[in-house]
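Chemist: Can you keep this structure in mind? I'll have questions shortly.
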2 protein chains.
Amino acid sequence: MTGPVVALCGGIGGAKLALGLSRVLDARQLTIIVNTGDDFEHLGLSISPDIDTVLYTLGGVADRDRGWGRADETWHFMETLRELGGEHWFQLGDRDLAMHVERTAFLRSGGTLSAFIRRAARAFGIGARILPMTDDPVRTVVDTDAGTLSFQRYFVERRCTPVVQALRFEGAQEAAPAAGVVSALSDLAARAVVICPSNPYLSIDPILAVPGIRDALENTPAPVIAVSPIIAGQAVKGPTVKIMAELGIGATTQSIAAHYQGFIDGLVIDDGDAADAASVSVPVLVTRTLMQDFADRDRLAVDVVSFAAALTSRKVARTAGATR
Amino acid sequence: MTGPVVALCGGIGGAKLALGLSRVLDARQLTIIVNTGDDFEHLGLSISPDIDTVLYTLGGVADRDRGWGRADETWHFMETLRELGGEHWFQLGDRDLAMHVERTAFLRSGGTLSAFIRRAARAFGIGARILPMTDDPVRTVVDTDAGTLSFQRYFVERRCTPVVQALRFEGAQEAAPAAGVVSALSDLAARAVVICPSNPYLSIDPILAVPGIRDALENTPAPVIAVSPIIAGQAVKGPTVKIMAELGIGATTQSIAAHYQGFIDGLVIDDGDAADAASVSVPVLVTRTLMQDFADRDRLAVDVVSFAAALTSRKVARTAGATR
């Protein structure tokens, strides 16, 4: 079975599954739609953390131990920035910096983020198509008990310590999906749309907030499969559980299913949460969702795509029913 | 004998003498006025090569073997920039880059180059006062047989290969001397103004092209001493001799004296050019002008300041005579 696959993701956790998909599929069949709500301007540079994580991960240059940034990285720029008294709360590796400087110059000369990503993906030899959710500025803002913080100030500088009261995606209402996003989701030949195990609130919601994307997800002919980022009440990495608690949401399979209700056709959960399967209103695949090595990424990718294949006829029947 | 000393310089050769002066004098008595005609925008960054050479040299972090940039430098940014297909004709070290990124952000937020230099000099523990010739944009442009080139394109990308027809300093007429430049040159207590052995055409002329600076030099009460960058018909480094030849000027002591005529009170030349002393219309000090080690820098600095002291009474008499 072949056909295009679309993945939605944020940074680290999501990018792992995106990598798996790009390895087990013909990479040219894969479109990855990436969150840009984390993007920000820092030291005059345009920084796109999730985009870069996806590029580095699929380009095979990501640092797997650190979990972000590039392998074989050095930090002499940061060292000197500190000596000069510059702002040093956001770590920029010497190699990583080339991406930011190039992107900033490219955007300033009138290029789009989409076009820059295409160029970088070519340079990294990436076969999959990587799209930003939008080429317009969308900025995730966190209302907290310590005031309103831009995402990176909350996430990196404050290490997610302030208590989250609300998340907002400034500019989302005025943004348009990047070229290719809606058409990929609406492709009649698509065999799966995968919501990667990224943070639903920080990484997937900004994508859904861009007008047209949620509609396209609700109406896509392909089965939409979400992979839960929660394993036995915990997130593999990052502040997902803490944020859910602060927003009054239990870190459970049910919460994730409820959050994506209305457009998912299936949910993938970890073996450890098998007991939850019965209480979810969409079909559930129980498997190992923890991705530690490449084999894990590949196996989960295969599981997700197979699960989608199994749901395809069901969705066709359901959709036909709905239009009757 | 004490009193302020002012030095005018460009990059490498000039910075060596500036360093010597800062070592043999009370550094707080030294003001260094630096060429900014070499400044340019590259990859969206504001780069000031001569300013940085002076900062790195006096800050003790310059790479003495390479002759430019910082010691203990790494090149991972450049390596990655090349992989991304970025413009890579201008070498930017990982440590060096911090200066450019910080300066660019500082200027873009409304700060002046002067203020940025003050901050950087403090960070490097530099006692001397370093001033840009101007805070306004002045750009050296080279008319050549290969067309008109911006300075760095001519100097770095084309390695000075095109034949120079003329040098122009765009923006100079509209520029104002940076705060402190004219007052330093006009200080009645000043004991010497030193034209460092920089390229007269590429490094000193842009400074002189800023309205008010040549006037201030012509009227300074202190003896003005130029150190010839020519040793036995050769320049220690750089394209001085090639450019002089292309402009139809012999690479001689006499040419240098003629170029600075009207405001110098003394010329310092190398032992190898002792025979030229008689044919120069201002007093000449013959000494070793080649600066290989720190001792050379210090000794030349002492020679220049002593020479100025010897000329002081003569200048006072001459100036008194002129106003009679």
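Coordinate-derived values only; no laboratory data. Please read these numbers as outputs of a predicted model, since none were measured by experiment. Ideal geometry is used to build each Cβ from the backbone, glycine not excepted, and the neighbour counts take in all protein chains shown.
Chemist: Being part of a helix (DSSP H, G or I) and within 13 Å of A:Ala257 (Cβ to Cβ) is the filter here, so list the residues in segment A:270-305 that pass it.
Modeler: A:Asp273, A:Asp276, A:Ala277, A:Ala278, A:Ser279
Chemist: Please determine, by comparing only the residues of segment A:98-108 that are of a type outside the set (D, E, K, R) and closer than 26 Å to A:Arg66 by Cα, which one is nearest to the other protein chains (Cβ to nearest Cβ).
Modeler: The selected residue is A:Ala98.
Chemist: Under the condition of being part of a helix (DSSP H, G or I) and acidic (Asp, Glu), which residue from segment B:30-70 is nearest to the other protein chains (Cβ to nearest Cβ)?
Modeler: Checked segment B:30-70; the qualifying residue nearest to the other protein chains (Cβ to nearest Cβ) is B:Asp52.
Chemist: Suppose the filter is farther than 19 Å from A:Lys16 by Cα and among the β-branched types (Val, Ile, Thr); does A:Thr57 pass it?
Modeler: No; evaluated as a whole, the condition is false for this residue.
Chemist: Still on this structure, please answer the following. Regarding segment B:20-30, can at least one residue be identified that is without any contact (Cβ under 8 Å) to a residue 12 or more places away in the chain and surrounded by fewer than 18 Cβ atoms within 10 Å (Cβ to Cβ)?
Modeler: Looking for residues that are without any contact (Cβ under 8 Å) to a residue 12 or more places away in the chain and surrounded by fewer than 18 Cβ atoms within 10 Å (Cβ to Cβ), one finds none in segment B:20-30, hence no.
Chemist: Within 18 Å of the chain's Cα centre (by Cα), without any contact (Cβ under 8 Å) to a residue 12 or more places away in the chain and away from chain B (no Cβ under 14 Å): is that true of A:Arg139 in this structure?
Modeler: So A:Arg139 does not fit the description; no.
Chemist: What residue, among those in segment B:198-217 that are of a type in the set (Gly, Ala, Ser) and touching a residue at least 60 places away in the same chain (Cβ under 8 Å), is surrounded by the fewest Cβ atoms within 10 Å (Cβ to Cβ)?
Modeler: This residue is B:Ala209.
Chemist: Further, regarding this structure: Within segment B:145-197, which residues are among the acidic types (Asp, Glu) and either closer than 30 Å to B:Ala309 by Cβ or crowded, with 18+ Cβ neighbours inside 10 Å (or both)?
Modeler: B:Asp187
Chemist: So which residues in segment A:117-127 are in contact with a strand residue (DSSP E or B) (Cβ under 9 Å, 6 or more places away or on another chain) and surrounded by 22 or more Cβ atoms within 10 Å (Cβ to Cβ), if there are any at all?
Modeler: A:Ile117, A:Ala120
Chemist: Identify the single condition in (1) buried (at least 23 other Cβ atoms within 10 Å of the Cβ); (2) more than 12 Å from chain B (Cβ to nearest Cβ); (3) in a loop (DSSP other than H, G, I, E, B); (4) not charged (D, E, K, R) that A:Thr2 does not satisfy, given that it satisfies every other one.
Modeler: Tallying (1) buried (at least 23 other Cβ atoms within 10 Å of the Cβ); (2) more than 12 Å from chain B (Cβ to nearest Cβ); (3) in a loop (DSSP other than H, G, I, E, B); (4) not charged (D, E, K, R), A:Thr2 fails exactly one: (1).
Chemist: Looking at the structure I just gave you, is B:Glu102 assigned to a helix (DSSP H, G or I) and farther than 24 Å from B:Gly20 by Cβ?
Modeler: Yes, satisfied.
Chemist: Six or more apart or on different chains, Cβ under 9 Å: which pairs go from a residue in segment B:270-284 that's touching a residue at least 40 places away in the same chain (Cβ under 8 Å) to one that's part of a helix (DSSP H, G or I) and of a type outside the set (Asp, Glu)? Could you list them?
Modeler: Here the result reads B:Asp270/B:Thr253; B:Asp273/B:Thr253, each pair linking segment B:270-284 to a residue that is part of a helix (DSSP H, G or I) and of a type outside the set (Asp, Glu).
Chemist: Limited to segment A:71-96, what total is found for residues that are touching a Gly at 6+ places or on another chain (Cβ under 9 Å) and part of a loop (DSSP other than H, G, I, E, B)?
Modeler: 7
Chemist: Also: Kindly evaluate A:Ala27 against the criterion of being closer than 25 Å to B:Arg82 by Cβ, more than 14 Å from chain B (Cβ to nearest Cβ) and of a type in the set (A, V, I, L, M, F, W, C).
Modeler: Here the answer is yes, as A:Ala27 does meet what is asked.
Chemist: Which one is surrounded by the fewest Cβ atoms within 10 Å (Cβ to Cβ) among residues in segment A:81-97 that are among the acidic types (Asp, Glu) and within 7 Å of chain B (Cβ to nearest Cβ)?
Modeler: The residue in question is A:Glu83.
Chemist: I would also like to ask the following. Would you check which residues across segment B:109-122 are at the interface with another protein chain (Cβ under 7 Å from one of its Cβ atoms) and free of Cβ contacts under 8 Å to residues at least 24 places away in the same chain and list them?
Modeler: B:Arg119
Chemist: Would segment B:218-241 turn up any residue that is among the hydroxyl-bearing types (Ser, Thr, Tyr), over 15 Å from the mean Cα position of the chain (by Cα) and crowded, with 17+ Cβ neighbours inside 10 Å?
Modeler: Checking segment B:218-241: at least one residue is among the hydroxyl-bearing types (Ser, Thr, Tyr), over 15 Å from the mean Cα position of the chain (by Cα) and crowded, with 17+ Cβ neighbours inside 10 Å.
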